[in-house]
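Here the structure comes first, spelled out in structure tokens, and everything after it is commentary.
The values are calculated or read from the model by the stated rules, or taken from the named source; none is laboratory data. Note that this is a predicted model, so its numbers are computed, not measured. In this analysis, Cβ positions are derived from the backbone assuming ideal geometry, glycine residues included, and neighbour counts consider all displayed protein chains. Calculation scope for accessible area: heavy atoms of the full protein, side chains included, ligands and nucleic acids excluded. Shrake-Rupley method; radii C 1.70, N 1.55, O 1.52, S 1.80 Å.
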Amino acid sequence: MSAIGNLLGKLTSPYALVETLLARQIVTFSEHVTGRAIDLGCGDFRFSRLLRPRLSELVGVDNWVAGRYHSRLPEGVRFFYASAERTPFADRSFDTAICTEVLEHAREPERVVAECVRILRPGGVALVSVPFAFFVHGAPNDFRRYTIYGLERLLEGAGLDVVEYSLVGGTFLTIGNHLATYFGFRPWRALRRWFSRLALCAVNAVSLSIARLSRPAPRLRGIDAALNDRTFPLGYVVLARKRQSAEVSPPRDDGKVDAVCPECHAPLDFAPAEITCASCGRVFSYHDGVPVLADRELLHLENETTGEVVRL
């Protein structure tokens, strides 16, 4: 029954195809990840956990309070509540930085990439993925879409050289994903809801079968028009390496904690005595120096409360 349940869950998920394709492409780069790794904007470690066997250590940071990600950790993984733009770790602390499906949500993506450079050792690698032909999600915190050229410019401007990259899906699978999200998220009523479920299952069944029969997209090196012009992928996965001469930018030190209210997802205003939501006005309190933002939710804020660098 569990296998049937998993299959039905996959067929009725609007995200099934893109997550399947993205996971497959990320794994193709696994030979390059090694040592101590950090997952910036880790969420539930959906993709970095696929690389765990290649790593000696995996640490994740995220600032999405409502996700309760600290309570769903893979075995042997540590979670820290922090912004991807300002982590609590020392310079040159990691061999690998993983940043999947995050840059489109960052208010200042340049700071996220600069933070990757700061905490990577010289010669360390960054594995980055971004969506391209993908619907607006996580609104209102969905700010941009990158082409491979825009992503290359962002990474290389911070001191990371693109080594290889791959496209996630192609035109036909992109169309299949658009149909899946159309039927999956459309606010149908009554009988139309059942029709949309059946249509979603049919679209996913066809698209996932095509994806299963096709090979993973090749890893490419040349970022030129002959390879990329007129392409329509769901996204990109890029492997970049930190230059030996890359300058390390100091972390932002404005004393702010980047967080969102677990009730209405508006920004939170942190103060020494209490935490207040600027939108709904709900007030949260501290417990032994740690903000309590939801029932039984003690977040890992040792770096924010002490201001000390975490040395792993």
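Looking at GLY124, is it modelled with pLDDT of 95 or more, under 18 Å from ARG36 (Cβ atoms) and of a type outside the set (A, V, I, L, M, F, W, C)?
Spelling it out, GLY124 is indeed modelled with pLDDT of 95 or more, under 18 Å from ARG36 (Cβ atoms) and of a type outside the set (A, V, I, L, M, F, W, C).
Quickly run through the stretch 112-134 and pick out the residues that are open to solvent by 10 Å² or more (accessible area, probe 1.4 Å) and within 15 Å of the chain's Cα centre (by Cα).
Of everything in the stretch 112-134, those that are open to solvent by 10 Å² or more (accessible area, probe 1.4 Å) and within 15 Å of the chain's Cα centre (by Cα) turn out to be PHE132, PHE134.
Just checking, which of ASP258, ASP224 is at pLDDT below 65 and open to solvent by 50 Å² or more (accessible area, probe 1.4 Å)?
ASP258
Tally up the residues in the stretch 96-136 that are among the basic types (Lys, Arg) and under 20 Å from VAL237 (Cβ atoms), please.
Final tally of qualifying residues: 0.
Per-residue answers, yes or no, for (1) open to solvent by 60 Å² or more (accessible area, probe 1.4 Å); (2) at negative phi; (3) out of contact with any Leu (no Cβ under 7 Å at 6 or more places or on another chain):
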residue: LEU8; (1), (2), (3): yes, yes, yes
residue: SER13; (1), (2), (3): no, yes, yes
residue: GLY43; (1), (2), (3): no, no, yes
residue: LEU58; (1), (2), (3): no, yes, yes
residue: ARG86; (1), (2), (3): no, yes, yes
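Regarding SER83, is this residue at pLDDT below 95, of a type in the set (S, T, N, Q) and closer than 24 Å to PHE29 by Cα?
Here the answer is no, as SER83 does not meet what is asked.
Read through the list (1) under 23 Å from the mean Cα position of the chain (by Cα); (2) part of a helix (DSSP H, G or I), then give the number of the only condition that TYR236 fails.
(2)
Search the stretch 10-43 for residues being assigned to a loop (DSSP other than H, G, I, E, B) and either among the β-branched types (Val, Ile, Thr) or in contact with a strand residue (DSSP E or B) (Cβ under 9 Å, 6 or more places away or on another chain) (or both), and hand back the single one that is nearest to VAL112 (Cα to Cα).
The qualifying residue nearest to VAL112 (Cα to Cα) is GLY41.
Six or more apart or on different chains, Cβ atoms under 8 Å: show the pairs whose first residue is in the stretch 169-196 and farther than 16 Å from LEU22 by Cα and whose second is open to solvent by 80 Å² or more (accessible area, probe 1.4 Å) and not in a helix (DSSP H, G or I).
SER196/ARG186
Just to verify a result, which residue in the stretch 90-111, among those that are open to solvent by 10 Å² or more (accessible area, probe 1.4 Å) and of a type in the set (Asp, Glu), is nearest to ASP229 (Cα to Cα)?
GLU101
Return the residue satisfying two criteria in turn: it lies in the stretch 183-206 and is surrounded by fewer than 15 Cβ atoms within 10 Å (Cβ to Cβ) and aromatic (Phe, Trp, Tyr), and of such residues it is farthest from ILE4 (Cα to Cα).
TRP188
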